[in-house]
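Please read the structure below before turning to the comments.
The values are calculated or read from the model by the stated rules, or taken from the named source; none is laboratory data. Small disclaimer: the values here were computed from a predicted structure and weren't measured. Methodologically, a virtual Cβ is constructed for each residue, glycine included, from the backbone with ideal geometry; neighbour enumeration extends over all protein chains shown. Ligands, DNA and RNA are stripped out before the accessible areas are found, and what is left, the full protein with its side chains, is counted by its heavy atoms. Shrake-Rupley method; radii C 1.70, N 1.55, O 1.52, S 1.80 Å.
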Amino acid sequence: MSHKLGCIAAEKKIPILGQFELTARCNLQCKMCYVCRNALDKQAISMEKTAKEWIKIAEEAMDAGMLYLLLTGGEVFIRKDFRDIYEELSKMGFIKSIYSNGTMITPQIAKWLGSMPPAQIDITLYGGSPKTYGKVCGDESGFERALQGIDLLLAEGINVQIRTSVIKENQEDFERLAELAEKRGVDLSIVNYISPRREGFCTNPEGERLNPKDLVQYEWRVNNYYHNKMEKSKGEKQNKNSEDELDDFVAQPDDGHPFQCNNGKSSFWITWDGKMIPCSLLDDPYTLPFETGFSQAWRDMTKACSCVLTCSTCKQCSLRDYCMSCPARLKSETGSFTEPASYLCEYAREMYQLSLDNKLTGGLVNEKVHKTYFRND
Ligand SMILES: C[S@@+](CC[C@H](N)C(=O)[O-])C[C@H]1O[C@@H](n2cnc3c(N)ncnc32)[C@H](O)[C@@H]1O
Ligand code: SF4
Ligand code: SF4
């Protein structure tokens, strides 16, 4: 979705982007994942919302203005009724996207999806080899299946993006992942910030994610890789992201709201067990759309988000431009909206040092590269 459109909707508090987390269950068990119940977890199955409930809430969201819809999990293809849900949502005309690990995509599924394609499907590839993939997700064979899934989708003409989430185990694989994406003519995007908690499923996020110094060094490597490519291919066709999104490269207006993004203003997330939250990482504030109806839940959530307290230390901090803190990240790191987070402070100090060492100005290493290749969601 265009950033400008998101901002206009945010001003009017229209829930233009919905994100449905259809299940917490997954066939893989990634070390850092915040939502990965076992595929056969009976308790999780019993708490999932039914296809009928998701379709009804989508109808209500459509009436309230939802146009874009992301379907994610867990792993959406693990739900036996995913086809029913997807087909009904397609009839409603949403601009749909899907997040998946790609390992359950069969030729039949790819063909079926190709007959009513999403605008985009993001396949997360957790390593550049079976070995790394196995270390991150617990299943080496998933690497080939994910690549096969990507290729099957591409063969059906579906718009695929490869994404990855960087942790200690796969930090060396960036170039290999970039090559795998380039070979297929698709974009690679990177989730650089790993959240330490949401539902507490992840056993040891602190142990899995990069320390701030290594994360900044990783980002610098990615930055240089793409910066060089952009320089070389000036005039040629670049990454689709850079074409579409850089035109749209506008700063978020400072409207005095505690959230400097559009979450909780024009976008929302509904968890697998039925809570409406502002974004995937933040389970507070939440409302209950399946109980109160969508509109009431949306009104209550936007109101609650606008009342979230902000961190006064962060507000006055001289490293703000170098920091990736936001209310969701502070809460996720510290359990409080008002406490600075040591992980984020250290990241900001490292980023500042890097910019001094390389005589760079501004907070981010190369803001355009950063915006294009790193993902916040
Ligand atoms: C939870 S997964 C669900 C969709 C699908 N199973 C997949 O792997 O893409 C969605 C995205 O969240 C990322 N993710 C998982 N755990 C995370 C965490 N603790 N912090 C930030 N992102 C995380 C994943 O790497 C993936 O790109
Ligand atoms: S990140 Fe995706 S693939 Fe990995 S365990 Fe979580 S839901 Fe499953
Ligand atoms: S988290 Fe730390 S570095 Fe970031 S703005 Fe707050 S005090 Fe500054």
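Here are a few things to note about the model shown:
Yes or no, residue by residue, for (1) farther than 23 Å from Gly264 by Cβ; (2) open to solvent by 80 Å² or more (accessible area, probe 1.4 Å); (3) part of a loop (DSSP other than H, G, I, E, B); (4) within 16 Å of ligand 2 (Cβ to nearest atom):
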| position | (1), (2), (3), (4) |
| --- | --- |
| Gln296 | no, no, no, no |
| Arg299 | no, yes, no, no |
| Phe337 | no, no, yes, no |
| Arg349 | yes, yes, no, no |
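- The condition (being more than 14 Å from ligand 3 (Cβ to nearest atom), touching a residue at least 24 places away in the same chain (Cβ under 8 Å) and within 24 Å of the chain's Cα centre (by Cα)) is satisfied by just one residue among Pro289, Pro340, Pro327: Pro289.
- Which listed residue, of Val365, Val369, is assigned to a helix (DSSP H, G or I) and either more than 9 Å from ligand 3 (Cβ to nearest atom) or at pLDDT 95 or above (or both): Val369
- Per-region count, segment 270-291, residues in contact with a helix residue (DSSP H, G or I) (Cβ under 6 Å, 6 or more places away or on another chain), closer than 20 Å to Phe337 by Cβ and among the small types (Gly, Ala, Ser): 0
- Residues of segment 136-172 classified as open to solvent by 40 Å² or more (accessible area, probe 1.4 Å), within 16 Å of ligand 2 (Cβ to nearest atom) and free of Cβ contacts under 8 Å to residues at least 60 places away in the same chain, total: 6
- Check on Lys303, in contact with an Asp or Glu (Cβ under 9 Å, 6 or more places away or on another chain) and more than 9 Å from ligand 3 (Cβ to nearest atom): no
- Subset of segment 1-41 that is at pLDDT below 95 and of a type in the set (Lys, Arg) - its residue that is nearest to ligand 1 (Cβ to nearest atom): Lys31
- Only residues that are open to solvent by less than 30 Å² (accessible area, probe 1.4 Å), within 16 Å of Cys26 (Cα to Cα) and hydrophobic (A, V, I, L, M, F, W, C) were counted across segment 97-131, and they come to 4.
- Pairs where the first residue, in segment 61-76, is at positive phi and the second is open to solvent by 10 Å² or more (accessible area, probe 1.4 Å) and assigned to a loop (DSSP other than H, G, I, E, B), C-beta under 8 Å, 6+ apart: Gly65/Ile14; Gly65/Ile16; Gly74/Cys36
- Residue count, segment 110-143 (criterion: within 22 Å of Gly185 (Cα to Cα) and either within 16 Å of ligand 1 (Cβ to nearest atom) or in a helix (DSSP H, G or I) (or both)): 19
- When Tyr86 is tested against (1) free of Cβ contacts under 8 Å to residues at least 24 places away in the same chain; (2) of a type in the set (Ser, Thr, Tyr); (3) open to solvent by less than 20 Å² (accessible area, probe 1.4 Å), exactly one condition is not met: (1).
- The numbered conditions (1) within 27 Å of Lys96 (Cα to Cα); (2) free of Cβ contacts under 8 Å to residues at least 60 places away in the same chain are all true for Glu175 except (1).
- Within the option set Lys56, Lys80, being more than 26 Å from His3 (Cα to Cα), in a helix (DSSP H, G or I) and open to solvent by 10 Å² or more (accessible area, probe 1.4 Å) holds for one residue only, Lys56.
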